[in-house]
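**Q** Okay, handing you the structure first.
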Amino acid sequence: MTPGLVIAAPHSGSGKTVVTLGLLRALRWAGVAVASCKVGPDYIDPRFHAAASGWPCRNLDPWAMRPETLARLAGLDAELLVVEGVMGLFDGAADGTGSTADLAALAGWPVVLVMDVARQGQSAAAVLHGFSRFRDDVAVAGVILNRVGSDSHEAMIRAALAPSGVPVLGAVRRDAALDLPSRHLGLVQAEEHADLDAFLDRAAALLGAAVDLEALRALARPAGFAVPGAGFALPPLGQRTAVAADAAFAFAYPHLLEDWRAQGAELLPFSPLADEAPDPAADAVYLPGGYPELHAGRLAGNRRFLGGLRAAAARGAAVYGECGGYMVLGEALEDADGVAHAMAGLLPVVTSFAKRTLHLGYRRAATLADSALGPAGTALRGHEFHYARIVSAETGEPLFRVSDARGTDLGALGSRRGTVCGSFLHVVDRAGS
């Protein structure tokens, strides 16, 4: 199996994403066939990874995925696998599980800690001491100092860390040109970045000069999952599945699409923003999440797209929407200015961004009736991350019964009408036995 390592940090905002991107492209420049994965529920960072490395980036989610799914998705045919962590190294779901550290322990991968030392001196040694000794089953094998201010600052911190025995692989200077713009669900999407290649090249030049890439590669170890990689996350929604794919509907997990293809399904991409209708021969339509709220007026005027959705439902095709896709299947979507835009009208809900309310967390879910997701009682794992709220909903048939990561019952979620269904839940994998 491909040798791998984990890039993690003590906390969010340490710069591990930019460090990871710079390392990926610098290694690619060095002739290394380097692939990457991203820990946790993230649609945006993987697109940047893929642009930097030239390889598709998969998610590895130790809370939402079964161990056999993790093992299967980590089996990439590359020379090196770089796995970017999520949040702080030991931060996970509300029940305390699913952290980057949990994944590193399951796989046996060493951890390289990215430490933001912009406001630290010798105190960095205490941080490293705690993180390297917190869990016996997690090996912090190297450190990259980030946002270093000067030569003397670097020398001071290197001297303070020396007694730890953890090698400093490099020191990266502060550079405002490496800041990435963001919006309410994370970074602005890779395809919207004005000059992504130039940004990645700059990051690669900086990281390639600052970090000992050979020493980094030498730390990598093949994964040692206790179970073999096996099984698919979900059955395909249909034999010919139309998949919405553009800047408004970009939040589709690569492993789900790969699994559907591997099970023989034909995926037919279409762009709602370009007013394209789903293929009329499709027996299923998938509307993933994304940013439809930023394009609500345009989508409301796209008659071919909305008419195509209604025609698919009328002929009995399975139509499934997640989060943003769910909102577009509803009666109307109210934008941040409070303007309501008519949507497909296939589900009896009206959603709004006028008063943003954060909904965030992992979810256990069970289907309440037969649907494209499986027979009634199908157990799934996924997550919610959105700021929308339901302002109006007719009494209808819910799609799921859900609970949070701690097991607290959250009641019903989503809606279904005939062969159309959707909810705010992003499904990641079926639940383990």
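The values are calculated or read from the model by the stated rules, or taken from the named source; none is laboratory data. The structure presented is a predicted model; accordingly, all values stated were derived computationally and were not measured. Backbone-built Cβ (ideal geometry, glycine too); neighbour counts: all protein chains shown. Areas reflect the complete protein model, heavy atoms only, side chains present, ligands, DNA and RNA absent. Shrake-Rupley method; radii C 1.70, N 1.55, O 1.52, S 1.80 Å.
**Q** How many residues are part of a helix (DSSP H, G or I), among the acidic types (Asp, Glu) and over 21 Å from residue 147 (Cα atoms) if we restrict to the range 195-219?
**A** 2
**Q** Another question, if that's okay. Give the residue that is modelled with the lowest pLDDT, with candidates limited to residues of the range 48-81 that are among the charged types (D, E, K, R) and farther than 17 Å from residue 233 by Cα.
**A** 77
**Q** Would you confirm, using the coordinates I've provided, whether residue 125 is surrounded by fewer than 23 Cβ atoms within 10 Å (Cβ to Cβ) and farther than 26 Å from residue 383 by Cα?
**A** Answer is yes for this residue.
**Q** Among the residues that make up the range 402-410, is at least one of them within 25 Å of residue 238 (Cα to Cα) and out of contact with any Lys or Arg (no Cβ under 6 Å at 6 or more places or on another chain)?
**A** Residues of the range 402-410 that are within 25 Å of residue 238 (Cα to Cα), as a first pass: 402.
When the remaining residues are screened for being out of contact with any Lys or Arg (no Cβ under 6 Å at 6 or more places or on another chain), the result is none.
No, the range 402-410 has no match at all.
**Q** Take residue 69 and tell me if it is under 23 Å from residue 140 (Cβ atoms), polar (S, T, N, Q), buried (at least 22 other Cβ atoms within 10 Å of the Cβ) and in contact with a strand residue (DSSP E or B) (Cβ under 9 Å, 6 or more places away or on another chain).
**A** Spelling it out, it is not the case that residue 69 is under 23 Å from residue 140 (Cβ atoms), polar (S, T, N, Q), buried (at least 22 other Cβ atoms within 10 Å of the Cβ) and in contact with a strand residue (DSSP E or B) (Cβ under 9 Å, 6 or more places away or on another chain).
**Q** Working only within the range 329-361, note down all residues that are in contact (Cβ under 8 Å) with a residue 24 or more places away in the chain and on the phi > 0 side of the Ramachandran plot.
**A** Correct list: 345, 361.
**Q** Suppose we filter the range 152-183 for residues that are open to solvent by less than 30 Å² (accessible area, probe 1.4 Å), more than 17 Å from residue 121 (Cβ to Cβ) and in a helix (DSSP H, G or I); how many remain?
**A** 1
Per-residue answers, yes or no, for (1) open to solvent by 40 Å² or more (accessible area, probe 1.4 Å); (2) of a type outside the set (Ser, Thr, Tyr); (3) part of a helix (DSSP H, G or I):
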position: 296; (1), (2), (3): no, yes, yes
position: 299; (1), (2), (3): no, yes, yes
position: 305; (1), (2), (3): no, yes, yes
position: 311; (1), (2), (3): yes, yes, yes
position: 319; (1), (2), (3): no, yes, no
position: 328; (1), (2), (3): no, yes, yes
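**Q** Which residues, counting only those in the range 1-49, are assigned to a helix (DSSP H, G or I), open to solvent by 10 Å² or more (accessible area, probe 1.4 Å) and more than 25 Å from residue 324 (Cβ to Cβ)?
**A** Residues satisfying the conditions are 16, 18, 25, 28, 29.
**Q** Quick one: in the range 378-415, which of the residues that are more than 24 Å from residue 98 (Cβ to Cβ) and in contact (Cβ under 8 Å) with a residue 60 or more places away in the chain is most open to solvent (accessible area, probe 1.4 Å)?
**A** Only one residue tops the list, namely 392.
**Q** Further, regarding this structure: Confirm whether residue 115 is in a strand (DSSP E or B) and among the hydrophobic types (A, V, I, L, M, F, W, C). If you could, list the steps in order and put the result at the bottom.
**A** Details: in a strand (DSSP E or B): yes; among the hydrophobic types (A, V, I, L, M, F, W, C): yes.
It is true that residue 115 is in a strand (DSSP E or B) and among the hydrophobic types (A, V, I, L, M, F, W, C).
**Q** Here's a follow-up. Having 1 or more residues that are over 20 Å from residue 287 (Cβ atoms) and among the charged types (D, E, K, R) is the bar; report the strands (runs of 3 or more DSSP E) wholly within the range 353-433 that clear it.
**A** Filter on the range 353-433 gives 359-367, 379-386, 400-404, 409-413, 426-430.
**Q** Please enumerate the residues belonging to the range 330-358 that are open to solvent by 10 Å² or more (accessible area, probe 1.4 Å), under 17 Å from residue 421 (Cα atoms), of a type in the set (Gly, Ala, Ser) and touching a strand residue (DSSP E or B) at 6+ places or on another chain (Cβ under 8 Å).
**A** Listed by number, the list holds a single entry, 332.
**Q** Of all residues in the range 72-89 being open to solvent by 50 Å² or more (accessible area, probe 1.4 Å) and either acidic (Asp, Glu) or in a loop (DSSP other than H, G, I, E, B) (or both), which is nearest to residue 207 (Cα to Cα)? Give the derivation first.
**A** Here is the first cut: in the range 72-89, the residues open to solvent by 50 Å² or more (accessible area, probe 1.4 Å) are 72, 77, 79, 87.
Filter once more, so that each one left must be either acidic (Asp, Glu) or in a loop (DSSP other than H, G, I, E, B) (or both): 77, 79, 87.
On the way: 77: 25, 79: 19, 87: 21 Å.
Among those residues, the one meeting the criterion is 79.
**Q** Can you work out which of the residues in the range 204-233 that are within 23 Å of residue 61 (Cβ to Cβ) and in contact with a Phe, Trp or Tyr (Cβ under 7 Å, 6 or more places away or on another chain) is least open to solvent (accessible area, probe 1.4 Å)?
**A** Restricting attention to the range 204-233, the residues satisfying the condition of being within 23 Å of residue 61 (Cβ to Cβ) are 220-233.
Checking the rest, the ones that are also in contact with a Phe, Trp or Tyr (Cβ under 7 Å, 6 or more places away or on another chain) come to 221, 223.
Numbers: 221: 117, 223: 21 Å².
My answer is 223.
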